[in-house]
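Novice: Submitted below is the structure of interest, expressed as structure tokens.
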Amino acid sequence: MSVPAAYYLGLSAVLFALGTAGVLVRRSALIVFMSVELMLNAVNLTLVTFARVHGAVDGQVLVFFVLVVAAAEVVVGLAIIVDIFRARETVDIDNVDLLRG
Amino acid sequence: MVLFGITAVCALAGGAGVILSRRPVHSALGLLVVLLSLAVDYLLLDAQFIAAAQVIIYAGAIVVLFVFIIMLLAAQSGEHAGAGAFAGPAGVGAVVALCVLLAAGLLALVRGPAPAAAPVPPAFGTIQDVGRALFGRYVLPFEAASLILLVGMIGAVALGRRLGPRTELRESKDAPLSLRRGPGRNGDRAPAPEERVRT
């Protein structure tokens, strides 16, 4: 491990912030979804870094579970987006506010 | 160190591409760049199995799914309406607050004590190592993960099929039933599944 762990954590923090900014700023549901994936990946990098720092493989096992959940989430989420698109012909999240009341 | 610098620059450029590009396909490609750069980082961190899983699951399956959906939606709507739109001043303010938080976090990271890496055996992070943990201590969560995948699969199939019976209902009778779709502006224009296949 020639690179200090803090560099990996910093990269992870910046990637997470980029993902959060994407969720906050973009209005296309697809891009918001990709930004969520970006955040998940940033957290994965943190987990792998700490697994290496502590010399324990448990962090990598957790990353495996995050991968599983992310895959299931993407499948269901994209199905919902396709359904919304079929019904309303838009993926702009500002136009889909049925729960706003 | 050089490799880490290259992957970090690639990951940051890809992340910026995801949130800044106006076409969804370019965002998906940016996401792909991020995922591959992170896979290289995982290799640097002695996580061979996770790196392989990252490339196979994320880059192989999830990004392809994204591209597939983008293709599907773009084919139905011609050009994506509003896909390049950004939020108003409230979103920008939130992002500025986020940047302040990020700067504070990075500052704390630089000033704080650097965690020293523990020495690891050469087999650390190989598929045997991770597999032993996965099927030993974590066997119950592993089975739960398979259940999650099954539920996700069923959910996707159920969501994808939902429009079928409704359109049949609308076809068999006449116009009044189409009102049942509620305020959908384009409810009447949605073609039946058979038509969609044909055109």
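Novice: So, in segment A:65-99, how many residues would count as being open to solvent by 60 Å² or more (accessible area, probe 1.4 Å) and closer than 30 Å to B:A117 by Cβ?
Specialist: Residues meeting the conditions: 1.
Novice: Within segment B:77-86, identify whether any single residue is closer than 22 Å to A:V75 by Cα, aliphatic (A, V, I, L, M) and either open to solvent by less than 70 Å² (accessible area, probe 1.4 Å) or free of Cβ contacts under 8 Å to residues at least 60 places away in the same chain (or both), and answer yes or no. Outline the logic, then answer.
Specialist: Kept after step one, since they are closer than 22 Å to A:V75 by Cα, are these residues of segment B:77-86: B:77, B:80, B:83.
So of that shortlist, the ones also aliphatic (A, V, I, L, M) come out as B:83.
Add one more test, that the residue is either open to solvent by less than 70 Å² (accessible area, probe 1.4 Å) or free of Cβ contacts under 8 Å to residues at least 60 places away in the same chain (or both), and what stays is B:83.
Yes, some residue in segment B:77-86 is closer than 22 Å to A:V75 by Cα, aliphatic (A, V, I, L, M) and either open to solvent by less than 70 Å² (accessible area, probe 1.4 Å) or free of Cβ contacts under 8 Å to residues at least 60 places away in the same chain (or both).
Novice: Now for a different question. If you check A:V63, A:V57, A:V68, A:V53, which single one turns out to be free of Cβ contacts under 8 Å to residues at least 40 places away in the same chain, over 13 Å from the mean Cα position of the chain (by Cα) and within 7 Å of chain B (Cβ to nearest Cβ)?
Specialist: On the way: A:V63 fails: over 13 Å from the mean Cα position of the chain (by Cα); A:V68 fails: over 13 Å from the mean Cα position of the chain (by Cα); A:V53 fails: free of Cβ contacts under 8 Å to residues at least 40 places away in the same chain.
That would be A:V57, the only listed residue that is free of Cβ contacts under 8 Å to residues at least 40 places away in the same chain, over 13 Å from the mean Cα position of the chain (by Cα) and within 7 Å of chain B (Cβ to nearest Cβ).
Novice: May I ask you to say which residue of B:L73, B:L31 is surrounded by 20 or more Cβ atoms within 10 Å (Cβ to Cβ), more than 16 Å from the chain's Cα centre (by Cα) and within 19 Å of A:I93 (Cβ to Cβ)?
Specialist: B:L73
Novice: Could you check segment A:79-101 and list, in sequence order, the residues that are at the interface with chain B (Cβ under 7 Å from one of its Cβ atoms), among the β-branched types (V, I, T) and assigned to a loop (DSSP other than H, G, I, E, B)?
Specialist: If the condition is that a residue be at the interface with chain B (Cβ under 7 Å from one of its Cβ atoms), among the β-branched types (V, I, T) and assigned to a loop (DSSP other than H, G, I, E, B), then A:T90, A:V91 are the ones that fit.
Novice: Tally the residues that are of a type in the set (A, V, I, L, M, F, W, C) and in contact (Cβ under 8 Å) with a residue 24 or more places away in the chain, restricting the search to segment A:19-35.
Specialist: Within segment A:19-35, residues that are of a type in the set (A, V, I, L, M, F, W, C) and in contact (Cβ under 8 Å) with a residue 24 or more places away in the chain number 4.
Novice: Give all pairs with beta carbons closer than 7 Å in which a residue from segment B:144-162 that is of a type in the set (K, R) meets a residue that is assigned to a helix (DSSP H, G or I) and surrounded by 12 or more Cβ atoms within 10 Å (Cβ to Cβ); count only pairs at least 6 apart in sequence or on separate chains.
Specialist: Once the first residue is of a type in the set (K, R) and sits in segment B:144-162, its partners that are assigned to a helix (DSSP H, G or I) and surrounded by 12 or more Cβ atoms within 10 Å (Cβ to Cβ) give B:R162/A:D83.
Novice: Only one of these is part of a helix (DSSP H, G or I), closer than 20 Å to B:V40 by Cα and open to solvent by 40 Å² or more (accessible area, probe 1.4 Å): A:L62, A:L15. Name it.
Specialist: A:L62
Novice: Out of segment B:45-70, which residues are more than 7 Å from chain A (Cβ to nearest Cβ), open to solvent by 50 Å² or more (accessible area, probe 1.4 Å) and within 11 Å of the chain's Cα centre (by Cα)?
Specialist: B:V64, B:V67
The values are calculated or read from the model by the stated rules, or taken from the named source; none is laboratory data. Fair warning: this is a prediction, and the values are worked out from it, not measured in the lab. Ideal geometry is used to build each Cβ from the backbone, glycine not excepted, and the neighbour counts take in all protein chains shown. When the accessible area is computed, the model is the full protein with side chains, heavy atoms only, and any ligands, DNA or RNA have been set aside. Shrake-Rupley method; radii C 1.70, N 1.55, O 1.52, S 1.80 Å.
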